[in-house]
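Written out below as structure tokens is the structure these notes cover.
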Amino acid sequence: MKLPAEGLAGRRGFLKTGALAFPAIVSGAQSARALKVGLVGCGGRGTGAAAQALKADDYAELTAVADIDMDRINQSLARLQKAAGPKVKVEETGKFTGLDAYQKVIDSGVDVVLLATPPGFRPMHLRYAIEAGKHVFCEKPVAVDAIGVRSVLETSEMAAKKNLSLVAGFCWRYSNYIQAAFDQVAGGAIGDIVAYYATYYTSPVKPMPPAETRPAGISDVEWQIRNWYNYTWLCGDSLVEQAVHSVDKIAWAMKDQPPVSCVAVGGRQWPANGGNIYDHFEVNYLYPNNVRAFMASRQIESCYNENGDYILGTKGVCTIGRGPLPRIEGQNNWAFSGAKNDMYQQEHDVLFASIRKGQPVNDGKRMTTSTLLAIMGRMAAYTGQQITWEQALNSQERLFPEKVDWNGTFAPPPLAIPGKTKFI
């Protein structure tokens, strides 16, 4: 089974010609019909996505929301009401809690669904939304294991057949200055790519609280979901959940063609306090023609931080992140000039413009490729083995359980030990 690549020219063409006229011109030219939006996951990212969705279209309105926590729903709505005012039309009957709340939002009559829960739930939520005929904004990553990736790939193909838009939260693809840099690279400004080195050095996203702070009577599943970032079955690990942004840029530079194989190292320097994710990775990807890509990530406090990209070519080097703007140094010097767009807003501008124009956008192929590329690196680091693309794609490892019981017990795998943990 292969993941086909998505051409870059078609996406850039749409961004340049189709996404600049909104919201008033596009929505006014087509129809004043309201587009009802449903939000699944009311955390910070979900709340931000909802605000951007409501800003993207003159007639978008938020009508239903879902989360595991009613307090978080109310806090999210309070923030959204300040940002979007009368466009927030969520009645008490439009607030849903529980692990099945996503179904209630999708079945409530919405047109567009924003998926922003922990990534482990993404394949299931996305499948239900597309089967129900909804347009979707799907946060990254799109799965935590290869089984989930294969499911999402099938769902994205279903979306294409149904003429539904599916926009992924790989936000750098929607950044105008990063697009400009990659246009230069694709156009040969640095010659042939020899190597790509990416860094994602930062602090922990959400450290695991001490065990003694766990409330009495809370189930294993609830405790882990409330601390989802620390468990592989929910987040996929730090490489898959956060550094996947940099992995996505590697995939972009390689024209979304998969690598041959990879090897990796990683581990945990600070106590996990019950979680089972690594706090650092270094992955070496081998591409055809001996082209190499290196992904280095770390989530440890009080260390050197950097989010950078160094694309080495036969005629020069493209640098992104070490300075305010991308630049190329070599035979063809170049630097981005102009105003930066808001890439998070652009994601939703493109989504809603595509709906209004009846020209669906589908990020499915590349969002699965980038997600699996990160999962492949995790597999190599966990096992200490060289992993091929075909092995990663066809892996039978299931991190996310087939059935999740809010009140149930669940013991996730222990912290992986290279040389002992087996590839499945």
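Screening the candidates 50, 60 for the property of being buried (at least 22 other Cβ atoms within 10 Å of the Cβ) and within 14 Å of residue 136 (Cβ to Cβ) yields one hit, 50. Taking the criterion of being closer than 13 Å to residue 49 by Cα and of a type outside the set (Lys, Arg), the residues of the stretch 65-93 that qualify are 65, 76, 77, 80, 83, 84. Of the candidates 356, 322, the single residue that is out of contact with any strand residue (DSSP E or B) (no Cβ under 6 Å at 6 or more places or on another chain), of a type in the set (Lys, Arg) and outside any strand (DSSP E or B) is 356.
Applying the selection to the stretch 146-178, what residues are within 15 Å of the chain's Cα centre (by Cα) and among the basic types (Lys, Arg)? The answer is 173, and nothing else.
Checked against (1) of a type in the set (A, V, I, L, M); (2) touching a Gly at 6+ places or on another chain (Cβ under 7 Å); (3) surrounded by 17 or more Cβ atoms within 10 Å (Cβ to Cβ), residue 291 passes all but condition (2). Residue 157 - would you say it is touching a strand residue (DSSP E or B) at 6+ places or on another chain (Cβ under 8 Å) and in the same structural domain as residue 39 (by TED's automatic domain parsing)? When the stated conditions are applied, residue 157 does not pass them.
Between 317, 361, the distinction of being among the aliphatic types (A, V, I, L, M) and over 21 Å from the mean Cα position of the chain (by Cα) belongs to 317 only.
The residue that is farthest from residue 311 (Cα to Cα), counting only those in the stretch 256-291 that are touching a helix residue (DSSP H, G or I) at 6+ places or on another chain (Cβ under 7 Å) and of a type in the set (D, E, K, R), is 279. Restricting attention to the stretch 254-278 and to residues that are of a type outside the set (Phe, Trp, Tyr), crowded, with 23+ Cβ neighbours inside 10 Å and touching a strand residue (DSSP E or B) at 6+ places or on another chain (Cβ under 8 Å), the residue that is nearest to residue 229 (Cα to Cα) turns out to be 266.
Note on the stretch 294-326: among residues that are basic (Lys, Arg) and touching a residue at least 24 places away in the same chain (Cβ under 8 Å), the one that is surrounded by the fewest Cβ atoms within 10 Å (Cβ to Cβ) is 315. Only one entry in 342, 309 is more than 24 Å from residue 195 (Cβ to Cβ), at pLDDT 95 or above and under 22 Å from the mean Cα position of the chain (by Cα), namely 342.
Looking at the stretch 286-306, which of its residues are under 24 Å from the mean Cα position of the chain (by Cα) and either aromatic (Phe, Trp, Tyr) or farther than 22 Å from residue 243 by Cβ (or both)? Passing the criteria: 287, 294.
Condition check ((1) among the aromatic types (Phe, Trp, Tyr); (2) in contact with a Gly (Cβ under 7 Å, 6 or more places away or on another chain)) across all residues:
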{"site": "287", "(1), (2)": "yes, no"}
{"site": "302", "(1), (2)": "no, no"}
{"site": "310", "(1), (2)": "yes, no"}
{"site": "316", "(1), (2)": "no, yes"}
{"site": "350", "(1), (2)": "no, no"}
{"site": "362", "(1), (2)": "no, no"}
{"site": "388", "(1), (2)": "no, no"}
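Of the residues 143, 181, the single one that is over 18 Å from the mean Cα position of the chain (by Cα) and buried (at least 22 other Cβ atoms within 10 Å of the Cβ) is 181.
The values are calculated or read from the model by the stated rules, or taken from the named source; none is laboratory data. Computed from a prediction, not measured in an experiment: that's the story for all the values here. Heads up, the Cβs are rebuilt from the backbone with ideal geometry, glycines too, and the neighbour counts pull from every protein chain shown.
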